[in-house]
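Inspection log for the structure reproduced underneath, given as structure tokens.
The values are calculated or read from the model by the stated rules, or taken from the named source; none is laboratory data. Model, not experiment: these values are computed from the prediction. Quick reminder, even Gly has a Cβ in these numbers, built from the backbone with ideal geometry, and neighbours come from all protein chains shown. Quick note on the areas: whole protein, heavy atoms, side chains included, nothing else; ligands and nucleic acids left out. Shrake-Rupley method; radii C 1.70, N 1.55, O 1.52, S 1.80 Å.
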Amino acid sequence: MGVADPKRIGVIGHSHGGLMVANLLAHTDCFGRYRARGSYNKTNQPFGFQSERRSLFEARDVYIQVSPAFFANKVNEPILIIPR
């Protein structure tokens, strides 16, 4: 639309929002800067997260699909990761 330059827009998130920011980075090329704080590998929470009540052992594919750590090879933009 020409309203803004996406490469000059940054996104930030904390906790589950940090996971979403990391997923944006792993799966899109929409923004110029990313800052995330939170959990990026849901396999580190093997007994459920957010609304997912199944364990890692019951829903392995779901845990892998939502964990941006498994898609790090697709990252080509800088991200500031602040550990919890």
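Looking for something in contact (Cβ under 8 Å) with a residue 12 or more places away in the chain and touching a strand residue (DSSP E or B) at 6+ places or on another chain (Cβ under 9 Å) - is there at least one such residue anywhere in the range 51-67?
Looking through the range 51-67, at least one residue is in contact (Cβ under 8 Å) with a residue 12 or more places away in the chain and touching a strand residue (DSSP E or B) at 6+ places or on another chain (Cβ under 9 Å).
Report, ordered by the first and then the second residue, all pairs with beta carbons closer than 6 Å, sequence separation of six or more or different chains, a first member in the range 1-19 that is farther than 19 Å from Lys42 by Cα, and a second member that is at pLDDT below 85 and of a type in the set (Ser, Thr, Tyr).
Val11/Tyr34
Return the residue satisfying two criteria in turn: it lies in the range 67-77 and is in a helix (DSSP H, G or I) and within 19 Å of Met20 (Cβ to Cβ), and of such residues it is most open to solvent (accessible area, probe 1.4 Å).
Lys74
Go through the range 64-84 residue by residue and tally those that are charged (D, E, K, R) and touching a Leu at 6+ places or on another chain (Cβ under 9 Å).
Matching residues across the range 64-84 total 2.
Scan the range 55-66 for residues that are part of a loop (DSSP other than H, G, I, E, B) and at pLDDT 90 or above and report the count.
Of the residues in that region, 5 qualify.
What is the number of the single condition among (1) loosely packed, with under 15 Cβ neighbours inside 10 Å; (2) hydrophobic (A, V, I, L, M, F, W, C); (3) modelled with pLDDT of 85 or more; (4) not in a loop (DSSP other than H, G, I, E, B) that Val11 does not meet?
Failed condition: (1).
Hey, can you tell me all the residues within the range 14-32 that are modelled with pLDDT of 85 or more and charged (D, E, K, R)?
Correct list: empty.
Give the number of residues within the range 38-66 that are open to solvent by less than 100 Å² (accessible area, probe 1.4 Å), in contact with a Ser or Thr (Cβ under 9 Å, 6 or more places away or on another chain) and more than 29 Å from Gly10 (Cβ to Cβ).
3
Every residue in the range 1-22 that is at positive phi and within 11 Å of the chain's Cα centre (by Cα), please.
Listed by number, the list holds a single entry, Ser15.
Answer with yes or no whether Arg35 is open to solvent by 100 Å² or more (accessible area, probe 1.4 Å), of a type outside the set (Ser, Thr, Tyr), modelled with pLDDT under 85 and not in a loop (DSSP other than H, G, I, E, B).
Yes.
Kindly indicate the residue of the range 23-32 that is closer than 15 Å to Phe71 by Cα and surrounded by 14 or more Cβ atoms within 10 Å (Cβ to Cβ) and also nearest to the chain's Cα centre (by Cα) among those meeting that condition.
Among those residues, the one meeting the criterion is Asn23.
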